[in-house]
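Visitor: For reference, the structure I am asking about is given below.
The values are calculated or read from the model by the stated rules, or taken from the named source; none is laboratory data. Just so it is clear, the model here is predicted, and its values are computed rather than measured. No Cβ is skipped: glycine too gets one built from the backbone with ideal geometry, and neighbour counts run over all protein chains shown. Keep in mind that these areas ignore ligands, DNA and RNA; they rest on the heavy atoms of the full protein, side chains included. Shrake-Rupley method; radii C 1.70, N 1.55, O 1.52, S 1.80 Å.
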Amino acid sequence: MTDVAERLAALEQRLGQLEDERAVARLVAAYGPLVDTGNADGVAALWETDGVYDVDELLMTGHGEIAAMVRSAAHQRWIAGGCAHVVGPPHVTVAGDDAAAVCYSLMVVNEDGGFVLRRATANLWRLRRSASSGWRVTNRTNRVLDGREEAPALLASGLGAVRHD
Amino acid sequence: MTDVAERLAALEQRLGQLEDERAVARLVAAYGPLVDTGNADGVAALWETDGVYDVDELLMTGHGEIAAMVRSAAHQRWIAGGCAHVVGPPHVTVAGDDAAAVCYSLMVVNEDGGFVLRRATANLWRLRRSASSGWRVTNRTNRVLDGREEAPALLASGLGAVRHD
Amino acid sequence: MTDVAERLAALEQRLGQLEDERAVARLVAAYGPLVDTGNADGVAALWETDGVYDVDELLMTGHGEIAAMVRSAAHQRWIAGGCAHVVGPPHVTVAGDDAAAVCYSLMVVNEDGGFVLRRATANLWRLRRSASSGWRVTNRTNRVLDGREEAPALLASGLGAVRHD
């Protein structure tokens, strides 16, 4: 039975790793559809209660401030005019109850009867798993890729010393 | 043996869930390369025989109508000029033999020596699994994100009451 | 025990398939963040020592030539000005120790205070697994989707006779 027990344990560990990466990627994939439909509570619930969403021009801390951004007149105007927050695919790294995801986001808006690529942004998501609520974002930092050094630095820190195996 | 049997059954169930989500994501990822190479039968085969592809300006029902769109002079002109249908990454939800995938698609075309983002579109894919042919699309609905209310409504209905765990 | 042994072996085989596809997709997702941060050795290390990176205007063979492209003045200017290589999501096919991934890449650059979609490109990645270093790229071929016939031909060859199951 030893062999069977070891193989079962190995399978459970390996499968858990894939499930964790899938959960992180799925959360990241939910952001765009939630924010582009104005689902303020749904967007906020991707974060921990006191999670941080740090974008170039705005630092949001906690569900209240994140939801307020979604409900703001500025964001509602994007939705009304036509808007796509295309996020990912993410490069995900899970280590125990912590995870990081690095990706790009493209903000596409409809203007004057055509589509404009308004912004390309470096994203670093940091997440934590809790027993009660599963994977949630502790910090998402975005920096626009307009030549500022912070943006590539953010991508680099997210990949870290990751091995591609 | 009870413990072993239970652990095996749990592993099989969890692995099956990942395999189903992978199959759906892989099908969605095939659409762009198939349609941009003019593979009319390959595109149609992503759908069930009587599946529906509902885009803003065109409602296609069944393999014949979907393949005819790919073979149309209009679509062939996009391919000849240079065209990329960039689809996803999808947010996938599987429940038994049914699945939904929500994502964006970007249509990029080459015009006058440069690339133009012609369209950003909300996508909702509904799929079903059959014993004979695996996962196939029953309905894919696309609505352009130009401010029409149907487009964010489509994204919202696709996410539904999905839990991010 | 026969039944248990068979179920364990089946689980190990199925899980290995998902792990392989995940490894390939994760490698592809690393390219953009590595190249946009100027990590020349990190980019090169995605390839086998004598791997090939074949783009329209440039054929690179081996780590030295790939790293040199990243360190070139032309590439460093893209980074300094603001640049996003958005790659994927890939359609991955694994067969034993060989794999193929088909996807699009979008090169977005910051120019004159705005973002420009400079290029949309068809990508075919071929990879091989070795015991010592895991999955590595043997050949990545990119063709810009500007109407040249090679670009859709590349997408088609990557999908091959792939079944969507």
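Visitor: Can you tell me which residue in the stretch A:32-52 is most open to solvent (accessible area, probe 1.4 Å), limited to those that are out of contact with any Lys or Arg (no Cβ under 6 Å at 6 or more places or on another chain) and of a type in the set (G, A, S)?
Guide: The selected residue is A:A45.
Visitor: Does C:E6 satisfy the criteria of being more than 20 Å from the chain's Cα centre (by Cα), part of a helix (DSSP H, G or I) and more than 9 Å from every other protein chain (Cβ to nearest Cβ)?
Guide: yes
Visitor: Checking the conditions here, which among B:A95, B:A156 is out of contact with any Phe, Trp or Tyr (no Cβ under 9 Å at 6 or more places or on another chain), aliphatic (A, V, I, L, M) and at the interface with chain A (Cβ under 9 Å from one of its Cβ atoms)?
Guide: B:A156
Visitor: If I ask for residues that are more than 17 Å from B:R118 (Cα to Cα) and out of contact with any Ser or Thr (no Cβ under 7 Å at 6 or more places or on another chain), which ones from the stretch C:115-135 would you list?
Guide: C:A122, C:W125, C:R129, C:S130, C:A131, C:S132, C:S133, C:G134, C:W135
Visitor: For B:L27, are the conditions met, namely being within 11 Å of chain A (Cβ to nearest Cβ) and modelled with pLDDT of 95 or more?
Guide: When the stated conditions are applied, B:L27 does not pass them.
Visitor: Related question: Take C:D3 and decide whether it is of a type in the set (D, E), open to solvent by 10 Å² or more (accessible area, probe 1.4 Å), at pLDDT below 95 and under 30 Å from A:E12 (Cα atoms).
Guide: Yes.
Visitor: Quickly run through the stretch B:30-64 and pick out the residues that are more than 14 Å from every other protein chain (Cβ to nearest Cβ) and aliphatic (A, V, I, L, M).
Guide: B:V52, B:V55, B:L58, B:L59, B:M60, listed by residue number.
Visitor: Continuing with the same structure: Name the residues in the stretch C:30-52 that are part of a strand (DSSP E or B) and small (G, A, S), would you?
Guide: Within the stretch C:30-52, C:G51 is the sole residue that qualifies.
Visitor: Are any residues in the stretch C:98-124 under 30 Å from B:E19 (Cα atoms) and either in contact with a helix residue (DSSP H, G or I) (Cβ under 6 Å, 6 or more places away or on another chain) or away from chain B (no Cβ under 14 Å) (or both), and if so, which ones?
Guide: C:D98, C:A99, C:A100, C:A101, C:V102, C:A122, C:L124 - these are the residues of the stretch C:98-124 that are under 30 Å from B:E19 (Cα atoms) and either in contact with a helix residue (DSSP H, G or I) (Cβ under 6 Å, 6 or more places away or on another chain) or away from chain B (no Cβ under 14 Å) (or both).
Visitor: While we're looking at this one, here's another question. Could you tell me which residue of the stretch C:65-89 is nearest to the other protein chains (Cβ to nearest Cβ), considering only residues that are among the β-branched types (V, I, T) and under 15 Å from C:G42 (Cα atoms)?
Guide: C:V70
Visitor: Which condition number in (1) in contact (Cβ under 8 Å) with a residue 60 or more places away in the chain; (2) farther than 29 Å from C:R26 by Cβ is the one that A:D112 fails?
Guide: Condition (1) is where A:D112 drops out.
Visitor: Can you tell me how many residues within the stretch C:45-58 are within 16 Å of C:N142 (Cβ to Cβ) and out of contact with any Phe, Trp or Tyr (no Cβ under 8 Å at 6 or more places or on another chain)?
Guide: Number of matching residues: 7.
Visitor: Determine whether the stretch C:12-31 contains at least one residue that is over 19 Å from B:V24 (Cα atoms), surrounded by fewer than 18 Cβ atoms within 10 Å (Cβ to Cβ) and not basic (K, R).
Guide: Yes, the stretch C:12-31 has at least one match.
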